[in-house]
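S.K.: Take this structure, written in structure tokens, and hold onto it; I'll ask about it next.
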Amino acid sequence: MSHILLGQTLTFIGNPWQMPPADAVQHITHGAVLVRDGKIIEVGSADTLRAANPDIPVTDYGKGLLMAGFVDAHAHYAQTAIIASWGKRLIDWLNSYTFPEEMRFGSAAYAHAVAERYLNLNLANGITTASAFCTTHPESVDAYFEAAQKRGMRMLGGKVMMDRNAPEALCDTALSGYEESKALLHKWQGVGRLGYVISPRFAPTSSETQLEAAGALWAQFPDALMQTHLGEQHEEIEWVAKLFPGHADYLAVYEHYGLVGPGAVMGHAIHLTDREWGALKDSGASLAHCPTSNTFIGSGLFDAQKAHDLGIPTGLATDVGGGSSFSMLRTMATAYEIGQLRGNALHPAQLLWMATRGSAQALRLGDRIGNLAPGFEADIVVLNLSSTKVIEQRVEGADDFWETLFPTIMLGDDRAISAVWINGKPA
Ligand code: GUN
Ligand code: ZN
């Protein structure tokens, strides 16, 4: 089945972190995208593409901006219901809000209800792929992947492995965490567009035996991704030092158990030593920048420039529900503000890169999703660049494309998402 979408188009032809940012983007004002059987076949000028394909049905999005769907590199779908919970920092926030909520996912019915809600919210915000932590319950993973399968979405996720420092009812054991993760990996990895992610929550909630088991599982299934948390808050880092004496730093704990390497996605990575930065660079691991979470929970200011200067694949992430928004526009806006607080105004092309291509590469999907270009899967978002009164008046008389786009990044939300296409079909 073929279809032509008309609108402005945005395609990355280079990496805006490695060249003058605007030169990394091809923007066509009267553009068109030809999709067939779930793939992008061609991106070009509307007139040329339509003339060459007169019989293919057309959807005209007018001045809407067609670009790759957003890719959320790190989220917790089971925290949907507790997003925006007041007044705590990481450890207290986990104990007060997160763990009690995650306990509810022992009920398959509840897990299904939240998985449906979570994916609908993702689609409403133009997120076409995410890598999510589920809970320790295998039911939570089945619910998540079943809901993703129903929508034809390319989604990643896995069962949280956690055997200590959490309520007993929410803990697995080193053995059950391993066995259940392995069974779920067999069940879901590579099924349709789904991918399994081995997901030890973070060092403080896993025993040494569990971290060893997680490393052993990953060694058996290196095609699966591995996701965890690293260097988010000072209290957490001090706790890791107490729980794991004798290691050089936080990352060294993961290194010791074989959890650092290509396909590892480390959430946050705010407070790192020079040794950790260097070891991450050498390892081939990826980072997930979670800006709204980092400001909301009061964690700190991630150094996106340094990550890119070192060539570490870095994605953008909502970190729902520590993150305070489902919107990747809001998430880019907060990344911009964090950049400003570090003395570095990130270019809109750099923000968009992290939200699409950067996240896709961080999740080892860079050859399939994250760009509006021939050969990529047709996961497409259409942005309305005048979605509210304040944006509309701001872009009146804008001088160039970037000035037209930046207000939507800073001020936009789900109202700016005009349409989403999943695998070549309107969602
Ligand atoms: N560290 C360990 N678990 C979590 C979590 O659920 N959210 C965040 N933001 N950090 C974590
Ligand atoms: Zn997280």
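The values are calculated or read from the model by the stated rules, or taken from the named source; none is laboratory data. These numbers come from a predicted model, not from an experiment. Every residue, glycine among them, receives a Cβ derived from its backbone with ideal geometry; neighbour counts consider all protein chains shown. Keep in mind that these areas ignore ligands, DNA and RNA; they rest on the heavy atoms of the full protein, side chains included. Shrake-Rupley method; radii C 1.70, N 1.55, O 1.52, S 1.80 Å.
S.K.: Protein chains only, probe 1.4 Å: how do T228, T48 rank by accessible area, largest first?
M.R.: Per-residue accessible area, sorted high to low, gives T48, T228.
S.K.: Any idea what angle helix 138-151 forms with the longest principal axis of the chain, computed on alpha-carbon atoms, 0 to 90 degrees, nearest 10?
M.R.: 10
S.K.: Amide H neighbours of M161 under 5 Å, counting only residues 5+ apart in sequence or on other chains, H built in-plane at 1.01 Å?
M.R.: Amide H neighbours of M161: S199, R201.
S.K.: Please compute the Kirkwood hydrodynamic radius of the chain from all pairs of different C-alpha atoms, in Å with one decimal.
M.R.: Taking every pair of different Cα atoms in the chain, averaging 1/r and inverting gives 21.6 Å.
S.K.: Could I ask something else about it? Once the Cα atoms of helix 328-341 and of the chain are each reduced to a long axis, what angle between those two axes, in degrees from 0 to 90 to the nearest 10, is obtained?
M.R.: 70
S.K.: Considering every Cα-Cα pair within the stretch 94-173, what fraction, in whole percent, is farther apart than 20 Å?
M.R.: Here the long-distance tail beyond 20 Å is 31 percent of all Cα pairs in the stretch 94-173.
S.K.: Any number yet on Rg/Rh for the stretch 44-127, C-alpha, Kirkwood?
M.R.: Rg/Rh for the stretch 44-127 comes to 1.24.
S.K.: Here's another thing I want to ask about it. Quick query: amide H of G64 versus all other amide H atoms, modeled in the peptide plane; which residues come in under 5 Å with a sequence gap of 5 or more or a different chain?
M.R.: Q8
S.K.: Considering only protein heavy atoms, what per residue accessible area in square angstrom results for the stretch 36-117 with a 1.4 angstrom probe?
M.R.: 46
S.K.: Sticking with this one: Between A84 and T29, what is the label-to-label distance in nm when each label sits 7 Å out along the Cα-to-Cβ direction?
M.R.: 3.9
S.K.: Indicate, rounded to the nearest 5 percent, the antiparallel portion of the DSSP beta bridges found entirely in the chain.
M.R.: Expressed as a percentage, antiparallel bridges in the chain total about 45.
S.K.: Moving on to the next point. Tell me the label-point distance for the pair K39, A241, using the 7 Å Cα-to-Cβ offset, in nm and rounded to one decimal.
M.R.: 5.3
S.K.: Related question: Per the Cauchy relation, a quarter of the hull surface: what is the mean projected area of the convex hull of the alpha carbons in the stretch 252-320, in nm²?
M.R.: 4.5
S.K.: Taking H as built 1.01 Å from N, whose amide H comes closer than 5 Å to the amide H of H74, not counting residues under 5 places away?
M.R.: Correct list: S131, T318, D319.
S.K.: Can you give the FRET efficiency to the nearest 0.05 for E208 and A22, using r as the Cβ-Cβ distance and R₀ = 51 Å?
M.R.: 0.55
S.K.: What full-extension length gain, to one decimal in nm, is calculated for W402 and R117 as 0.36 nm per residue of separation minus the Cα-Cα distance?
M.R.: That works out to 99.3 nm of additional length.
S.K.: So between H234 and K150, what do we pick up on full extension, going 0.36 nm a residue minus the alpha carbon distance?
M.R.: Answer, rounded to one decimal: 26.2 nm.
S.K.: Using θ = phi - 60° and the Karplus relation 6.51 cos²θ - 1.76 cosθ + 1.60, list the HN-Hα couplings for the stretch 9-18 in order, rounded to whole Hz, with x at every Gly or Pro.
M.R.: Computed from phi, the couplings for the stretch 9-18 are 10, 10, 10, 7, 10, x, 9, x, 8, 10 Hz.
S.K.: What order do I198, I13 take when sorted by accessible area (1.4 Å probe), most exposed first?
M.R.: Reading off the accessible areas and sorting them downward yields I13, I198.
S.K.: At 1.4 Å probe size, with no ligands or nucleic acids counted, give the accessible surface of C171 in Å², nearest ten.
M.R.: Accessible area of C171: about 40 Å².
S.K.: Where does each of D142, D319 land when they are ordered by accessible area, with a 1.4 Å probe and the largest first?
M.R.: D142, D319
S.K.: Looking at this model, which pairs from K63/K150; K39/K150; K281/K425; K150/K187 are more than 27 angstrom apart at the alpha-carbon?
M.R.: The pairs that break the limit, which is 27 Å between Cα atoms, are K63/K150; K281/K425.
S.K.: With every protein chain left in place, what is the accessible area of W353 in Å² (1.4 Å probe, nearest 10)?
M.R.: Spelled out: W353, probe radius 1.4 Å, area about 10 Å².
S.K.: Now for a separate question. So between D414 and E392, what do we pick up on full extension, going 0.36 nm a residue minus the alpha carbon distance?
M.R.: Contour length minus Cα-Cα distance gives 6.4 nm.
S.K.: Ignoring everything but the protein chains, give the 1.4 Å probe accessible area of M103 in square angstrom, nearest 10.
M.R.: In the full protein context, M103 sits at about 70 Å².
S.K.: What residue among L94, F326, L383 has its Cα farthest toward the positive end of the dipole of the chain, where the charges are +1 on Lys, Arg and -1 on Asp, Glu, each on the Cβ?
M.R.: Highest projection toward the positive end goes to L383.
S.K.: Using a 1.4 Å probe on the protein chains only, how many percent of the accessible area of the stretch 1-120 belongs to carbon and sulfur?
M.R.: The C+S portion of the solvent-accessible surface of the stretch 1-120 is 53 percent.
S.K.: In vacuum, with every alpha carbon of the stretch 316-401 counted as one equal point scatterer, what does the Debye formula give for log10 I(q)/I(0) at q = 0.12, 0.17, 0.22 Å⁻¹? Two decimals, please.
M.R.: For the stretch 316-401, the Cα-only Debye profile gives -0.46, -0.91, -1.25.
S.K.: Between helix 234-243 and the chain, what is the angle of the helix's C-alpha long axis to the longest principal axis, kept within 0 to 90° and rounded to the nearest 10?
M.R.: Long axis of 234-243 versus the principal axis of the chain: about 40 degrees.
S.K.: While we're here: Cα centroid distance between the stretch 90-110 and the stretch 1-47, in Å?
M.R.: 41
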